[in-house]
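FYI, it's all coordinate maths here, none of it is from the lab. Keep in mind that what you see is a predicted model, and the values were worked out from it rather than measured. Here Cβ is always computed from backbone atoms with ideal geometry, including for glycine, and neighbour counts include all displayed protein chains.
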There are 2 protein chains.
Amino acid sequence: MNAKFVPYYAVIFTSTQRHNTQGYDAMAEHMETLAKQQPGFLGVDSARNDIGITVSYWENLDAIKNWKQNIEHQQAQLKGRSDWYASYNVRICKVEREYRFVSS
Amino acid sequence: MNAKFVPYYAVIFTSTQRHNTQGYDAMAEHMETLAKQQPGFLGVDSARNDIGITVSYWENLDAIKNWKQNIEHQQAQLKGRSDWYASYNVRICKVEREYRFVSS
C-alpha cells in the first residue's frame, strides 16, 4: 500500500489449508477485488508457503467491521471454514508506527 | 504462535528482494533463532512469494526495541539494506483482538 499516516488498522490473517482447495483461488481473488471497493480500505499484502499470510490495511475499526459483515464475504468465510481451511487466526491491530526503506 | 491474551504487539515486516540474495536464507534463519531467544518474544509467522511477509509477536514495545537494537540484528539490518532488499516496510502494531478457527 502507499504511504499512510499512523494510526490506522491492520488485519493479520494467517491460515493453513486442507489438501483439496478447489475453488479457493478464484474466491480469494474475488474477495480481494471486493475488499478494494470497501470504504476505508487502504491496501493488502499477501504471501503463501506452508502457511498463508494476508495483511489488509484499513482506516478504522468500523471499516473492518463493515467488511467482515459484507454478505459475499460472510459466504466466503463459511465456505472457508467448511471446505478450505485447516485453521486460521485473525488479529485486529492498531498500526502505531511505520518506517520504510527503498534501495537507491 | 500459541494462544496469548491481547493486548500484545506485532511487527509486520514486508519486503521485496533484489535479484542476488546470496547469503540471505542463512542469515534469515540465524535471525529467527536469535529472535526466539529474546525476552518477550511470543512467536513468528513467515511466508514469501513476490513479496515476503514476516510477522513477529512480542509481549510489549520494550521487547521490540531491544530486539531492534541487538548487535547481530543491527548488522543483519545493515547487510539487508546494502545487499538484499529492494524495499521493505516495518509496521509496529498493537494486537487488540484475536480469534481463531481450527477445523474439527
First measure r as the distance between the Cβ atoms of A:ARG100 and A:LYS79, then evaluate 1/(1 + (r/R0)^6) with R0 = 35 Å and state the FRET efficiency to the nearest 0.05.
-> 0.50
For chain A, what number of Lys pairs, 8 or more residues apart or on separate chains, have alpha-carbon atoms under 19 Å from each other?
-> 7
Looking at chain B, which GluC sites (Glu not before Pro) are in a loop (DSSP not H, G, I, E or B) and have at most 12 other Cβ atoms within 10 Å?
-> none
Starting at the first residue of region B:84-93, write each ³J(HN,Hα) from the Karplus equation 6.51 cos²θ - 1.76 cosθ + 1.60 with θ = phi - 60°, in whole Hz, x for Gly and Pro.
-> 9, 8, 7, 6, 8, 9, 10, 10, 9, 10
What is the Å³ per residue value for the convex hull set by the Cα atoms of chain B?
-> 118 Å³
Calc'd 3J(HN,Hα), region B:95-104, phi into Karplus 6.51 cos²θ - 1.76 cosθ + 1.60 (θ = phi - 60°), Hz, glycine/Pro = x, comes to 7, 9, 9, 8, 9, 9, 9, 10, 5, 8
Name the residues of region B:57-90 whose amide N is less than 13 Å from a point 7 angstrom out from the Cα of A:ILE51 along the C-beta direction?
-> B:57-58
Nm distances between copies for A:SER103, ranked from closest, using label points 7 Å along Cα→Cβ | 3.9
When you look at the Cβ of every residue in A:78-88, what mean number of other chain Cβ atoms sits within 10 Å?
-> 2
Please say if the protein assembly as shown is rounded, prolate or oblate, where rounded means a/c under 1.5 for a ≥ b ≥ c the square roots of the C-alpha gyration tensor eigenvalues, and otherwise the choice is prolate for a/b larger than b/c and oblate otherwise?
-> prolate
Over the C-alpha atoms of region B:46-104, what are the Rg and the largest Cα-to-Cα span, Dmax, in Å?
-> 14.8, 47
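In percent, how large is the relative contact order of chain A, given Cα pairs closer than 8 Å and 6 or more residues apart?
Relative contact order of chain A: 47 percent.
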Over the Cα atoms of region B:1-50, how large are the radius of gyration and the largest Cα-Cα distance (Dmax), in Å?
-> 13.4, 40
Other-chain or far-sequence residues with amide H under 5 Å of A:TYR85's (modelled H) | A:ARG18
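Could you work out, residue by residue across A:29-39, how many beta carbons of other chains sit within 10 Å of that residue's beta carbon, and then give the average as an integer?
Rounded to a whole number, the mean comes out at 0.
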Residues other than A:TYR85 with Cβ under 12 Å of its Cβ, Lys/Arg counted +1 and Asp/Glu -1, net out at +3
Show the residues, 5+ positions off or on another chain, whose built amide H is closer than 5 Å to the amide H of A:ILE51.
-> none
Taking the alpha-carbon centroid of each part, what is the distance from region B:62-80 to region A:42-104 in angstrom?
-> 27 Å
